[in-house]
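Colleague: Here you go, one structure.
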């Protein structure tokens, strides 16, 4: 994942081959293909990992914590670790990789596909937390899709903000705005 991102940032996405990534990571192309089906998948794997970490964080939140507070903190947690908290300096690699994801149509499509694939896990965690059924009830799916859209909107806003704004407080504010409009059933 890191090797793919580093090479894409250094050389440009079109100038990176799976063989280059495997060599950079110190593995064979066959081993690489056991984990990723393409260079695009390797680059966006960090984003998919954030969704899965959010699901784990939601399941680990105290049961007595209000739903939207728990969900907000669970979604923010992996971003805060990767980007830094409100006072943290912006990691130039994180900014560059996020811009690349936003600007490259193939990466953007791969990211959406991967997020939709991992969204089932988020739907299940939301259903558990709200006492709803992920198949019968619309609410868990509605919340998961809305949260995914909020994260994407916050990323887009963060990337074009001039002067720059810290991402974590922006994401937290966006999730709070969503929470104000979707009360727990």
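The values are calculated or read from the model by the stated rules, or taken from the named source; none is laboratory data. Worth saying up front: this structure is predicted, and the values here are computed from it rather than measured. FYI the Cβ positions are ideal-geometry reconstructions off the backbone, even for glycines, and counts take in every protein chain you see.
Colleague: Which members of segment 101-146 meet the condition of being farther than 24 Å from residue 36 by Cα, outside any helix (DSSP H, G or I) and in contact with a helix residue (DSSP H, G or I) (Cβ under 8 Å, 6 or more places away or on another chain)?
Modeller: Correct list: 132, 133, 134, 137.
Colleague: Is it true that residue 90 is surrounded by 13 or more Cβ atoms within 10 Å (Cβ to Cβ), modelled with pLDDT under 95, touching a helix residue (DSSP H, G or I) at 6+ places or on another chain (Cβ under 8 Å) and not in a helix (DSSP H, G or I)?
Modeller: yes
Colleague: Answer with yes or no whether residue 149 is modelled with pLDDT of 90 or more, out of contact with any helix residue (DSSP H, G or I) (no Cβ under 7 Å at 6 or more places or on another chain), assigned to a helix (DSSP H, G or I) and within 19 Å of residue 44 (Cα to Cα).
Modeller: The answer is yes for residue 149.
Colleague: Considering every residue within segment 18-41, establish whether at least one is closer than 20 Å to residue 155 by Cβ and modelled with pLDDT under 90.
Modeller: Checking segment 18-41: at least one residue is closer than 20 Å to residue 155 by Cβ and modelled with pLDDT under 90.
Colleague: May I pose another question? Say whether the condition of being farther than 15 Å from residue 73 by Cα, in contact (Cβ under 8 Å) with a residue 60 or more places away in the chain and not in a helix (DSSP H, G or I) is met by at least one residue in segment 155-164.
Modeller: Yes: segment 155-164 contains one or more residues that are farther than 15 Å from residue 73 by Cα, in contact (Cβ under 8 Å) with a residue 60 or more places away in the chain and not in a helix (DSSP H, G or I).
Colleague: Same structure again: Looking at the structure I just gave you, is residue 80 modelled with pLDDT of 90 or more, part of a helix (DSSP H, G or I) and farther than 21 Å from residue 100 by Cβ?
Modeller: On the way: modelled with pLDDT of 90 or more: no; part of a helix (DSSP H, G or I): yes; farther than 21 Å from residue 100 by Cβ: yes.
No.
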